[in-house]
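Shown next, in structure tokens, is the structure this report addresses.
The values are calculated or read from the model by the stated rules, or taken from the named source; none is laboratory data. A quick note: this is a predicted structure, and the numbers were derived from the prediction, not measured. Every residue, glycine as well, gets a Cβ built from its backbone with ideal geometry; the counts of neighbours run over all protein chains shown. In case anyone asks, the SASA skips ligands and DNA or RNA and just uses the protein heavy atoms, side chains included. Shrake-Rupley method; radii C 1.70, N 1.55, O 1.52, S 1.80 Å.
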Amino acid sequence: MVHCLTFVMALFFVVPALALAQSPARVGILVQEMGRSQAQAIKGLSEELKRLGYQERKNLIIETRNVKGNRAALQPAAGELLRQKVNLIFTTGTSATRAAIAAGKDVPIVFVHPSDPIAAGLIKSAKEPTRNLAGVAAYAAQTTEKRLVLFKEIMPGLKKIVVFFDANNTFSRDNLRLAEAGAAKLGLQVSSFGIKSADELKSTVASLRSENGAGIFQIADDLFESEADFLFETAREKKLPTMFNEEAWAINGALAAYGPSYLEMGRQAARLIDRIIKGEKPESLPVERASKFDLTLNYRTATFIGLRFPEEMLKKAEKVIR
């Protein structure tokens, strides 16, 4: 009788996981804006889920909500996904992840985050379980020193970096301190500008002078990145090299970028999703670190500003924009 009861109890816990694995899994995708990084993450997610045996409309249903930059629409969109009875929600970035958490705390969430989910307040620590939350993070600020080293290799005559930061943002100021520490190790001067508005940023960038041995070094900052196109155009005119932290920026006009492969982060997230679909709890899974970082060089920008990439850097680059 005892053995029979034990078997029944074991079956009670196993059947739901098996049922979920055998019936179509419903995965919701929530993004604030479908930029290249988000598109690459979703591409990696789809490719890896397919490799793991999932086929859309057979054993997988995907519901995507892209609010096209409207941050206020994120939580209602997350609510729509819940009404579609998704088994879990995949998110990219802080805002989408917060919206998914606020919309429903019982649905598992798997996130891809470009920076530090601890600093963003999503998790308490990488080792401490967070209910219904798992994901992959790039901890971009921790690659600051590596980006500076690459910047100096790309431009051996680099003597000074120009850094813009949001003076109203604590996270931005913390990133500035990391850049200053990394620059000090390499013997680089730092010229920093605390900015409080997009107009102030534009006027400050426009006032920069072309200077031998100087380059613009980006730190993660929404205010600065919102005016990236203006920055790239002005930097080219003033013959100033620019180093950014994601492939998309180099494609858009930065001289170089070094950052996480969103394609690979999407694949990592897919493997976490597979484990959750098969019955594991999100809180039992670690927050993984991005496993691949890529250097992207923009040959066209280099040519325009009169810079020649060292041959070894062209070989080191994952992608060269020609």
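Is it the case that Arg267 is assigned to a helix (DSSP H, G or I), open to solvent by 10 Å² or more (accessible area, probe 1.4 Å) and over 28 Å from Arg131 (Cβ atoms)? It is false that Arg267 is assigned to a helix (DSSP H, G or I), open to solvent by 10 Å² or more (accessible area, probe 1.4 Å) and over 28 Å from Arg131 (Cβ atoms).
Annotation note: of Arg131, Arg173, the sole residue that is basic (Lys, Arg) and in contact with a helix residue (DSSP H, G or I) (Cβ under 9 Å, 6 or more places away or on another chain) is Arg131.
Residues that are in contact with a strand residue (DSSP E or B) (Cβ under 6 Å, 6 or more places away or on another chain) and under 24 Å from Ile277 (Cα atoms) occur at least once in the stretch 97-106. Please determine whether any residue of the stretch 293-302 is open to solvent by less than 10 Å² (accessible area, probe 1.4 Å), out of contact with any Lys or Arg (no Cβ under 8 Å at 6 or more places or on another chain) and closer than 26 Å to Leu314 by Cα. Yes, that holds for at least one residue.
Being within 30 Å of Arg271 (Cα to Cα) and among the hydrophobic types (A, V, I, L, M, F, W, C) is a condition met by at least one residue of the stretch 139-151. Residues that are more than 19 Å from Leu45 (Cα to Cα), surrounded by fewer than 12 Cβ atoms within 10 Å (Cβ to Cβ) and more than 20 Å from the chain's Cα centre (by Cα) within the stretch 55-78 comprise just one, Ala72. The residues on offer are Arg51, Arg65, Arg26, and the sole one that is of a type in the set (Lys, Arg), more than 30 Å from Thr296 (Cα to Cα) and at pLDDT 95 or above is Arg26.
Among residues of the stretch 177-231 being open to solvent by less than 10 Å² (accessible area, probe 1.4 Å) and either part of a strand (DSSP E or B) or basic (Lys, Arg) (or both), the one that is farthest from Tyr258 (Cα to Cα) is Ile195. Out of the stretch 115-157, which residues are closer than 30 Å to Phe309 by Cα and open to solvent by 40 Å² or more (accessible area, probe 1.4 Å)? Those that are closer than 30 Å to Phe309 by Cα and open to solvent by 40 Å² or more (accessible area, probe 1.4 Å): Gln142, Glu145, Lys146, Val149, Lys152, Glu153, Pro156, Gly157. Taken over the stretch 79-106, residues that are open to solvent by 30 Å² or more (accessible area, probe 1.4 Å), within 17 Å of Leu60 (Cα to Cα) and either part of a loop (DSSP other than H, G, I, E, B) or in contact with a Cys (Cβ under 9 Å, 6 or more places away or on another chain) (or both) amount to 3.
For first residues located in the stretch 187-209 and closer than 19 Å to Leu240 by Cα, partners that are open to solvent by 50 Å² or more (accessible area, probe 1.4 Å) and outside any helix (DSSP H, G or I) and lie 6+ apart or on another chain with Cβ distances below 7 Å form the pairs Leu188/Lys159; Gln189/Lys159; Thr204/Phe193. For beta carbons closer than 9 Å, sequence separation of 6+ or different chains, a first residue in the stretch 146-171 that is in a helix (DSSP H, G or I) and a second that is surrounded by 18 or more Cβ atoms within 10 Å (Cβ to Cβ) and among the hydroxyl-bearing types (Ser, Thr, Tyr), the qualifying pairs are Lys146/Tyr258; Arg147/Tyr258; Leu150/Tyr258; Phe151/Tyr258; Phe171/Ser115.
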